[in-house]
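Here the structure comes first, spelled out in structure tokens, and everything after it is commentary.
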Amino acid sequence: MRGLLGNVLNPKMGVFYVSFLPQFIPAGHLPLMWTFLLVAIHVAIGTLWSLTLILATRYAAAVLRQPRFIKAMDRVTGGLFMLFAVKLALSSR
């Protein structure tokens, strides 16, 4: 419910629908019908993606919670941050 309200009340979604979707409405057709169709497609794709992530993480949760895996991920992300810091320090600008 929190995620639904976050998306519905998010102004970025309104800007997306107002600025991006109109370019895909064919000339001479009812804009309201096409807008609802395009929004429905966007919602369907988003729902499928979210369900895929939920199902994938359900099975991966046992591995993701292992202290050994958490420690390895902490080291990898820490190393990446260090590489970014070195790159930033060596940049000429």
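The values are calculated or read from the model by the stated rules, or taken from the named source; none is laboratory data. On a predicted model such as this, the values are computed, not experimentally measured, just so you know. We place every Cβ from the backbone using ideal geometry, glycine too, and count neighbours over all the protein chains shown. Protein only, heavy atoms only, side chains kept; ligands, DNA and RNA dropped before computing areas. Shrake-Rupley method; radii C 1.70, N 1.55, O 1.52, S 1.80 Å.
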Linear extension gain, Phe81 paired with Val63, 0.36 nm per residue minus alpha-carbon span: 4.1 nm
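Could you size up the charge dipole of the chain around its Cα centre, putting +1 on the beta carbon of Lys and Arg and -1 on that of Asp and Glu, and report it in debye to the nearest 20?
Numbers: 9 positive and 1 negative charges, 104 e Å.
Dipole size: approximately 500 debye.
How many percent of the accessible area of the chain is carbon or sulfur, using a 1.4 Å probe?
Details: 6290 of 8490 Å².
Answer for the chain is 74 percent, counting heavy atoms of protein chains only.
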In the chain, taking the dipole from +1 charges on Lys and Arg beta carbons and -1 charges on Asp and Glu beta carbons about the Cα centre, the listed residue (Val43, Leu21, Leu4) farthest towards the positive end is Leu4
Anything in the chain that counts as a DSSP H helix reaching 20 Å or more along its axis (C-alpha) with Kyte-Doolittle mean of at least 1.0? List them, would you? 31-64
Measure of compaction for the range 41-93 (Cα Rg per 2.2 N^0.38 Å): 1.78
In square angstrom, what is the accessible area per residue of the chain with a 1.4 angstrom probe? 91 Å²
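Stokes-Einstein at 20 °C, 1.002 mPa s, Kirkwood radius from Cα pairs: D for the chain in µm² s⁻¹?
After rounding, the answer is 121 µm²/s.
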